[in-house]
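Heads up: the structure comes next, in structure tokens.
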Amino acid sequence: QPGFNIFSPRKEMEHHLLCFVPVAGLVSLSRPSLTEAITETQLANLNIKSLNASWIDISHISVKRSSLTCHTRQFEFIQPKNFFFRNVLLPKPFSQSRLVHSEVAITSQISEPQQIPSLLAEPEFYKSLEESGIEARTASNLKVFYETYRDSLILSGQDVSVADKTFNILLTLVKKQCNDPYKFGNLHKQVLEPFDYYDFGNNFMRPLVDWSRSTVSGSHNVDAIVRQLKQGENAVLLANHQTEADPGLLAVLIERFTGYHDLAKNIVYVAGDRVLTDPLCVPFTLGRNILTVFSKRHIDDIPELKDERQAHNNRTLRKMAVMLSRGGCCIYVAPSGGRDRPNPKDTDWKLGDPVEVAQFDGASIELFRVLGTRAAAKTHFYPLMLDTHDIMPPPRAVEADIGERRTVNWSAVHLDFCDEVDLDTIQSDVAGQDPRDTRARHVWNVVNNRYIAVKSSSQHS
């Protein structure tokens with residue numbers, strides 16, 4: 001059943017042929033681009049005519065093997081269900097060929113393409129989106145969101161019909177939010193009936209995870225957290241934050257790798273206003289337990305609302321204090337107040353490269369330390385490292401406006417539940433340094449060091 005392999009950043013066709021190869025299945029790359037994996041020398045030996053960051057003409061090559069190793073990197077061939085082509089030039093009939101190289105051996109068995117018209121049919125979701133009547137910017141963002149989600153399923157060899165089913169549901173939920181915006185209180189409890197938003201969010205995230213390369217470290221600390229919660233104590237996860245998808249990814253990875261479904265479901269997330277107001281975010285936010293705040297990064301966006309927003313944050317703090325006194329709660333907070341991003345001066349940065357873990361705010365950690373100290377139930381603090389950036393990268397720069405464009409990728413993700421820290425015993429080596437900054441720096445160092453180690457390991461695996 002010969003098919004066609006196409007994958008590339010979405011750009012104008014110009015005069016290039018878009019990664020178009022008749023193969024026994026779809027090539028799934030374990031790295032972001034072919035440019036990383038194949039050297040110019042190998043290209044010359046394979047008689048590949050051209051290569052740049054966006055396009056590669058390999059239309060004369062066909063493969064009939066279970067795997068192909070190029071420059072020590074592995075490519076897998078996965079039989080796809082079906083494909084959708086945008087702006088693709090159909091090549092002339094191929095002839096049989098056999099190419100052999102010391103590092104790369106390819107055995108070809110060419111067959112003519114079949115059922116081209118059905119492969120060129122547009123997804124049904126486009127029609128649904130066109131008829132939805134939602135605001136133009138939201139519709140445009142949803143289309144990009146859908147296309148990158150669908151491309152991720154194709155790249156990973158999964159059933160692409162899942163994309164249409166999932167996004168038709170999301171479209172219905174987005175329309176509902178646009179027509180009748182949900183009003184979040186200071187403490188939002190996940191909505192499970194009549195529609196289960198928690199399951200929807202988790203089901204949305206699972207196909208984006210490369211499970212074969214994803215990891216959860218610190219399982220002994222997860223065991224300790226579960227034990228402490230059962231004893232009526234609290235656990236606060238002092239974590240970095242990389243994508244809007246973090247709550248969903250945290251849930252599905254905890255479920256998959258630890259089996260603690262209740263822990264995954266009952267975590268309470270401290271969340272900013274942006275995921276409470278953007279129509280594309282709200283359907284995912286509704287499935288989580290949320291303490292709503294206005295972050296320092298955005299509290300001044302509308303000066304005339306600053307006092308009102310500060311009052312909202314104070315009400316949320318009182319809710320949090322009651323929760324901690326009752327005990328048995330696990331809270332996720334990102335003391336940085338925002339997502340990790342690449343260094344803006346790094347013009348060579350590409351997807352897959354490390355990003356900068358945003359510095360933790362001393363006042364934020366101090367707030368939780370004081371609340372934990374005053375609570376009737378004991379509160380434990382665990383640094384948590386997340387490497388999730390590539391699944392749904394944020395914009396390179398912080399945007400003030402609501403409604404950022406979202407793209408997704410099929411990628412490995414990593415969590416590390418680091419050892420518990422006693423914030424009261426952390427001392428500074430610098431005389432006169434604010435103890436709040438000392439604690440924040442200590443926790444940040446733990447998370448950052450683990451992030452650097454994980455990225456280094458994954459890039460050399």
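Pairwise alpha-carbon distances in the stretch 328-436 exceed 18 Å for 62% of all pairs. Peptides 266-273, 214-221 ordered by packing proxy, namely the average of other Cβ atoms within 10 Å per residue, highest first: 266-273, 214-221.
Residues whose amide H comes within less than 5 Å of that of Thr379, counting only those at least five positions distant or on another chain, are Asn234 (H built at 1.01 Å from N in the peptide plane).
What residues from the stretch 340-382 fall in the zone where the backbone N is under 18 Å from a label point 7 Å along the Cα-to-C-beta line of Val430? It comes to 358-366, nothing else. A 1.4 Å probe run over the protein chains yields, for the stretch 343-421, 43 Å² of accessible area per residue, whole-number rounding. When the alpha carbon gyration tensor of the stretch 224-379 is reduced to an equivalent ellipsoid, its three semi-axes come out at 26, 22, 16 angstrom, largest first. Taking 7 Å steps out from each Cα toward its Cβ at Glu193 and Asn266 produces label points 1.9 nm apart. Based on protein heavy atoms only, the stretch 232-322 ends up with 38 Å² per residue of surface accessible to a 1.4 Å probe.
Taking the Cα centre as origin and putting +1 on Lys and Arg beta-carbons and -1 on Asp and Glu beta-carbons, what dipole magnitude results for the stretch 164-259, to the nearest 20 debye?
Values: 10 positive and 11 negative charges, 10 e Å.
Magnitude of the dipole: close to 40 debye.
Spin-label model, Lys306 to Asp223: label points 7 Å out along the Cα-to-beta-carbon direction sit 5.0 nm apart. Taking the charge dipole of the stretch 194-320 about its Cα centre, with +1 at Lys and Arg Cβ atoms and -1 at Asp and Glu Cβ atoms, the residue from Ser219, Pro279, Phe257 reaching farthest to the positive side is Ser219.
The values are calculated or read from the model by the stated rules, or taken from the named source; none is laboratory data. A quick note: this is a predicted structure, and the numbers were derived from the prediction, not measured. Quick reminder, even Gly has a Cβ in these numbers, built from the backbone with ideal geometry, and neighbours come from all protein chains shown. Heads up: the accessible areas ignore ligands, DNA and RNA and are worked out on the full protein's heavy atoms, side chains in. Shrake-Rupley method; radii C 1.70, N 1.55, O 1.52, S 1.80 Å.
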